[in-house]
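Enquirer: To start, I am sharing the structure in question, which I have written as structure tokens.
The values are calculated or read from the model by the stated rules, or taken from the named source; none is laboratory data. Because the structure is predicted, anything quoted here is derived from the model rather than measured. Because the Cβ atoms are built from the backbone with ideal geometry, glycine has one as well, and the counts that use them run over all protein chains shown.
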Amino acid sequence: MKLGATLTPERLGQGTTIGFSFQIDAPAGEIPAPLTGVNLRYPENLGVATSGLGLATCSVARVEAFGPNHCPADSVMGSGSAIAEFPIGPKIARESAPVSIFRAPDENGQIALLLYVTAMNPVGVQIALPSLLLPAAAPFGGSVQIGVPLVPSFPDSAYVAVVQLTATLGPLGITYYERLQGRTIAYHPRGLLLPDSCPRGGFPFAAALSFADGSTASARTAVPCPSHVG
């Protein structure tokens, strides 16, 4: 398993967008076991609560009934893409699908997210991935816990196996709207606030994955400290 992470822009004391990606490898000619859960831990002292993101929410029921384009613009938290593999006869098929990330209604006082995957061809499915922002032990400040349901590639066929996920959480590419003096104003939310100082060794990230066969995988990485401030 390989884990990647970015902070864009990386300016201490200012807003940023977290980017993360992971890749699951398997022996040549094989498909990894279906992914069932992701626990992504991110650096401490990020201003998640003061990011200005997620001013509205979008429920699973709404997005499943009407599609991601009918979620409020101010509920968008990020975006990404996923790649899955599944067998078609003796061959291994790969499918890429966009991922939309929304703020969902809080659960038991915890910030909830909704990752919505829209796959079109050859497997036409829409998958809701419920997620929570939870505390994490130092040197991390919190974690994104993502549940991944088992999805058959075709009726009575093998489950699809996610082999790559790339996503951003933050204002990069996001536009919000507010009403001021009777006018609708477009703006970009500030984003997750980086602390004024960088921890020794850079900003740490870690991911732990769980699979349908009971196996697990983990990896760590760090975004190096910026070479200059500002």
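Enquirer: Please list, ordered by residue number, the strands (runs of 3 or more DSSP E) wholly in region 118-180 having 2 or more residues that are within 20 Å of the chain's Cα centre (by Cα). Full working, then the answer.
Expert: Working: elements: 125-134, 140-147, 161-169, 176-180.
Per the criteria, 125-134, 140-147, 161-169.
Enquirer: Note down all Cβ pairs under 6 Å where the first residue falls in region 188-217 and is in contact (Cβ under 8 Å) with a residue 24 or more places away in the chain and more than 12 Å from residue 38 (Cβ to Cβ), the second is among the β-branched types (Val, Ile, Thr) and part of a strand (DSSP E or B), and they're at least six residues apart or on different chains.
Expert: What qualifies is 191/16; 191/17; 192/16; 194/16; 203/223; 205/221; 212/36.
Enquirer: Oh, and also: Within region 6-19, is there a residue that is touching a strand residue (DSSP E or B) at 6+ places or on another chain (Cβ under 6 Å), in a strand (DSSP E or B), on the phi < 0 side of the Ramachandran plot and hydrophobic (A, V, I, L, M, F, W, C)?
Expert: yes
Enquirer: Could you tell me whether residue 80 is over 16 Å from the mean Cα position of the chain (by Cα) and either at pLDDT below 95 or surrounded by 18 or more Cβ atoms within 10 Å (Cβ to Cβ) (or both)? Break it down stepwise before answering.
Expert: Numbers: over 16 Å from the mean Cα position of the chain (by Cα): no; either at pLDDT below 95 or surrounded by 18 or more Cβ atoms within 10 Å (Cβ to Cβ) (or both): yes.
So residue 80 fails the test.
Enquirer: Given the structure, is residue 186 over 18 Å from the mean Cα position of the chain (by Cα) and either crowded, with 21+ Cβ neighbours inside 10 Å or in a loop (DSSP other than H, G, I, E, B) (or both)? Before you say what the answer is, go through the steps one by one.
Expert: Numbers: over 18 Å from the mean Cα position of the chain (by Cα): yes; either crowded, with 21+ Cβ neighbours inside 10 Å or in a loop (DSSP other than H, G, I, E, B) (or both): no.
No, not satisfied.
Enquirer: Another question about this same structure. Inspect all residues belonging to region 85-104 and state whether any of them is assigned to a loop (DSSP other than H, G, I, E, B), crowded, with 18+ Cβ neighbours inside 10 Å and within 15 Å of the chain's Cα centre (by Cα). Give the derivation first.
Expert: So in region 85-104, the residues assigned to a loop (DSSP other than H, G, I, E, B) come out as 89-90.
When the remaining residues are screened for being crowded, with 18+ Cβ neighbours inside 10 Å, the result is none.
No, because not a single residue in region 85-104 is assigned to a loop (DSSP other than H, G, I, E, B), crowded, with 18+ Cβ neighbours inside 10 Å and within 15 Å of the chain's Cα centre (by Cα).
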